[in-house]
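The values are calculated or read from the model by the stated rules, or taken from the named source; none is laboratory data. Nothing here was measured: the structure is a model prediction, and the numbers come from that model. Here Cβ is always computed from backbone atoms with ideal geometry, including for glycine, and neighbour counts include all displayed protein chains.
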Amino acid sequence: MLEERLAPLQRGPLRPGAFSSRLHDERVAMVLGIALGVTFTTCFLTGLISHFAQHPLDLGFLSMPASPASLYRVTQGVHVASGIASIPLLAAKLWTVYPRLFAFPPIENLVHAFERALIPFLTGGAIFMLFTGLLNTARWYPWGFNFTVAHYWTAWIVIGALIVHIGAKLAIVGPALRRAPVKRAPEGQGDGLSRRGLLAAAGTAVAAVTLTTVGQTFRPLKDVARLAPRRPDVGPQGIPVNKSAIGAGVVDAAHDAGWKLEVGGRVARPLSLSLAQLAHLPQHEAHLPIACVEGWSAAARWRGVAVGTLLEIAGAEPGSEVVVHSLQQGGSYSSSRLNVAHARHPDTLLALQINGETLHIDHGYPARLIAPNRPGVQQTKWVARLEVV
Ligand SMILES: Nc1nc2c(c(=O)[nH]1)N[C@H]1C(S)=C(S)[C@@H](COP(=O)(O)O)O[C@H]1N2
Ligand SMILES: [Mo]
């Protein structure tokens, strides 16, 4: 009765059989959905690691350990790679399922209504995450909002919607699967792309975008990183630069012959050391990566004074944390905090050299922080002061 009354409304995309491609198919959608579930979960978890490395909870046991030294390099590389791999998967998935926006009747039951209500959050949020993340790897911030905050909170919305979506789908698809093979779109006439072909194309696209970008952090593939915004070996002294000395407005202060490193705060003996005095303290060498949150990473051999040595000379308490201040005024990365594990790790350096050369000014001359297992944003350049807290 109702259906008869509604029949005249079934026009255009709402009419039965409006979308005839065999590719708008439940099983194809499911395979793509599973792949997306894997890449999104991976991206979400590695993103959480990055978030809490940069915004530590004040819960000691969850604070970022100082080893393995390259852990963050790996998790952040995987974060960016799984995000990039999600882009072709999401495109294929949305194309496969978009006819369902015109499903008729639009709502079948409560679960279905709920599942549909979440779609704008799920797709809008996912597109927002991938788009802003991708532009971030290109260091392009054309919007007015704070990227980190928006990217973090939208991630929770998307992952929440995704969990409910999967739950609803299991409720619908699960029983259907048990009863009979999943409802399949009729094999349309003629040639066109087969379902297998679509999945193969999506898989090929994932492989292609991964192979041509992952070299920004995975060095063996650097020469095929044609789509990567950064090359891990291009920059002064063979290492990329994120913020130049000019950009940070520190050229004069960094070249000032009167530059001194201050060590102060909760210490028994505040220090004020010239570059020559620093160079006369015991030097320590460490092979450590810079792993930028934006997706590139590069390892180098660093040489300088261990922060632990300075803390000892200054008479800091063993359990203290250290805030590292740059000559740079303002800007989100002009200071960073070393947790207890990082502050005392022997490889946490106030580096004066990179790969046997004096630091280039864009790498933080006269002295920069470099520590194991830490996001690049926390490897403060042009250090002026260590404040024990
Ligand atoms: N003072 C200061 N230090 C900084 C930054 C900055 O903007 N200001 N950028 C950080 C970022 S985002 C990264 S990835 C590393 C990069 O170090 P590099 O430029 O020597 O490769 O420096 C970090 N140190
Ligand atoms: Mo960075």
Whichever residue in region 368-389 is within 15 Å of ligand 2 (Cβ to nearest atom) and part of a strand (DSSP E or B) and, among such residues, is nearest to V322 (Cα to Cα):
L369
Do we find that R195 is within 16 Å of ligand 1 (Cβ to nearest atom) and surrounded by 16 or more Cβ atoms within 10 Å (Cβ to Cβ) in this structure?
no
Do we have any residue at all in region 8-25 that's in contact (Cβ under 8 Å) with a residue 40 or more places away in the chain, part of a helix (DSSP H, G or I), surrounded by fewer than 18 Cβ atoms within 10 Å (Cβ to Cβ) and within 31 Å of the chain's Cα centre (by Cα)?
no
Being in contact with a strand residue (DSSP E or B) (Cβ under 6 Å, 6 or more places away or on another chain) and either surrounded by fewer than 20 Cβ atoms within 10 Å (Cβ to Cβ) or under 30 Å from G83 (Cα atoms) (or both) is the filter here, so list the residues in region 322-342 that pass it.
V323, H325, S334, S335, S336, R337, L338
When residues of region 264-299 are filtered for being of a type outside the set (F, W, Y), under 33 Å from the mean Cα position of the chain (by Cα) and crowded, with 19+ Cβ neighbours inside 10 Å, how many remain?
12
For Y141, state whether it is assigned to a loop (DSSP other than H, G, I, E, B), among the hydroxyl-bearing types (S, T, Y) and under 27 Å from N242 (Cβ atoms).
yes
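With region 239-298 as the region, which helices (runs of 4 or more DSSP H) entirely inside it contain at least 3 residues that are within 16 Å of ligand 2 (Cβ to nearest atom) and out of contact with any Ser or Thr (no Cβ under 6 Å at 6 or more places or on another chain)?
Hits in region 239-298: 245-248.
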On the basis of being aromatic (F, W, Y), away from ligand 2 (no atom under 14 Å from the Cβ) and closer than 26 Å to T137 by Cα, does Y365 make the cut?
yes
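Yes or no: R73 over 12 Å from the mean Cα position of the chain (by Cα) and either outside any helix (DSSP H, G or I) or in contact (Cβ under 8 Å) with a residue 12 or more places away in the chain (or both)?
no
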Taking interchain pairs and intrachain pairs at least six residues apart, which have beta carbon atoms under 7 angstrom, with the first residue in region 161-176 and under 15 Å from F44 (Cβ atoms) and the second of a type outside the set (A, V, I, L, M, F, W, C) and surrounded by 13 or more Cβ atoms within 10 Å (Cβ to Cβ)?
A161/G125; H165/E115; I166/G37
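Answer yes or no as to whether V111 is at pLDDT 95 or above, in a helix (DSSP H, G or I) and not charged (D, E, K, R).
When the stated conditions are applied, V111 does not pass them.
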Just checking, how many residues over region 343-359 are surrounded by fewer than 17 Cβ atoms within 10 Å (Cβ to Cβ) and closer than 18 Å to I290 by Cβ?
4
Can you name the residue in region 333-360 that is among the small types (G, A, S) and part of a loop (DSSP other than H, G, I, E, B) and, of all such residues, is nearest to Q378 (Cα to Cα)?
S334
Step by step: first the residues of region 342-389, then only those that are among the small types (G, A, S) and touching a Gly at 6+ places or on another chain (Cβ under 9 Å), then the one that is farthest from ligand 1 (Cβ to nearest atom). Which residue is that?
A343
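Among A314, A306, which is the only one that is closer than 20 Å to W259 by Cα, away from ligand 1 (no atom under 13 Å from the Cβ) and in contact with a Lys or Arg (Cβ under 6 Å, 6 or more places away or on another chain)?
A314
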